[in-house]
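Report on the structure given below.
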């Protein structure tokens with residue numbers, strides 16, 4: 001017995017261990033991704049069907065086995081069609097894993113902090129005046145198709161510019177603003193709407209559009225409710241609501257600055273963050 005175990009152990013190669021580790025890692029990431037999406041219930045159903053299929057083969061249930069074989073063939077095509085946004089987002093996450101967005105690579109820290117300061121100040125104004133706003137920060141996934149639906153602005157970021165764009169009398173207020181790097185790149189852009197009902201039936205088009213864009217890209221979307229002034233963020237298909245300004249500020253810094261960088265400079269530059277400095281127009 002011991003000799004057999006020793007022989008089995010000695011027959012294992014480094015490549016075998018590497019193979020097992022890679023497969024285990026891929027399965028772990030796949031299960032983690034499935035858990036974060038609406039595919040979780042689907043995956044349970046697939047496991048049940050596969051289990052019944054194996055049981056039908058084991059018990060030699062020919063008719064049931066034949067039906068399940070056809071069902072699995074058609075089901076694979078249906079899964080690709082129904083869960084195309086999730087599959088696309090998963091592949092994009094694999095492709096950009098560990099890569100700092102090219103939009104932010106050549107931007108200095110002080111310029112990043114100033115941009116975050118302006119965005120948070122603008123959101124503060126929108127929230128206090130209950131001005132509806134929808135802003136998407138472009139990251140690794142380019143939003144050229146979204147930008148083509150709006151109007152190119154390509155202007156320096158400022159609180160006054162964002163306020164004018166979302167002013168109700170402005171011809172560009174109806175739609176989303178796309179922020180590329182530290183500049184306002186486009187306005188009045190049309191975003192894809194999410195088809196999910198789980199985000200809440202009481203949410204309007206602005207929130208559904210923000211979640212919809214975050215489902216098909218890695219964009220960071222900021223939403224301000226026109227009815228309540230509540231601040232929300234959509235990212236990776238998830239909607240976070242009722243955020244305060246400090247939380248939004250930290251999330252923006254995490255987007256613009258890679259993990260591990262020193263973000264404490266913000267308090268020194270703005271003398272306490274967005275709550276202690278003078279607003280910049």
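The values are calculated or read from the model by the stated rules, or taken from the named source; none is laboratory data. Treat the numbers as computed from the prediction; the structure is a model and nothing was measured. Cβ sites come from the backbone with ideal geometry, for glycine too, and all protein chains shown count toward neighbours.
Details
- Residue in region 94-101 that is modelled with pLDDT under 80 and buried (at least 17 other Cβ atoms within 10 Å of the Cβ) present: yes
Conditions (1) in contact with a strand residue (DSSP E or B) (Cβ under 8 Å, 6 or more places away or on another chain); (2) at pLDDT 80 or above; (3) surrounded by fewer than 10 Cβ atoms within 10 Å (Cβ to Cβ); (4) not assigned by TED's automatic domain parsing to the domain that holds residue 253, marked per residue:
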position: 23; (1), (2), (3), (4): no, yes, no, yes
position: 39; (1), (2), (3), (4): no, no, no, yes
position: 54; (1), (2), (3), (4): no, yes, no, yes
position: 60; (1), (2), (3), (4): no, yes, yes, yes
position: 87; (1), (2), (3), (4): no, no, no, yes
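- Any hit, region 5-19, residues being under 32 Å from the mean Cα position of the chain (by Cα), assigned to a helix (DSSP H, G or I), at pLDDT 75 or above and surrounded by 10 or more Cβ atoms within 10 Å (Cβ to Cβ): yes
- Look at (1) at pLDDT below 90; (2) crowded, with 17+ Cβ neighbours inside 10 Å and you find that residue 179 fails only one, number (1).
- Failed criterion for residue 197 (all others in (1) touching a strand residue (DSSP E or B) at 6+ places or on another chain (Cβ under 6 Å); (2) part of a loop (DSSP other than H, G, I, E, B); (3) surrounded by fewer than 20 Cβ atoms within 10 Å (Cβ to Cβ) hold): (1)
- None of 215, 138 is modelled with pLDDT under 95, in contact with a helix residue (DSSP H, G or I) (Cβ under 7 Å, 6 or more places away or on another chain), within 27 Å of residue 83 (Cα to Cα) and buried (at least 18 other Cβ atoms within 10 Å of the Cβ) except 215.
- The number of residues in region 148-160 that are crowded, with 19+ Cβ neighbours inside 10 Å and in a helix (DSSP H, G or I) comes to 1.
- Yes/no for residue 203 being modelled with pLDDT under 95, buried (at least 23 other Cβ atoms within 10 Å of the Cβ) and under 19 Å from residue 123 (Cβ atoms): no
- All positions within region 124-141 that are touching a strand residue (DSSP E or B) at 6+ places or on another chain (Cβ under 6 Å) and part of a helix (DSSP H, G or I): 126, 127
- Region 235-252, residues that are farther than 16 Å from residue 224 by Cβ and surrounded by 19 or more Cβ atoms within 10 Å (Cβ to Cβ): 237
- Candidates 152, 146, filtered to the one that is assigned by TED's automatic domain parsing to the domain that holds residue 233, modelled with pLDDT under 95 and over 24 Å from residue 229 (Cα atoms): 146
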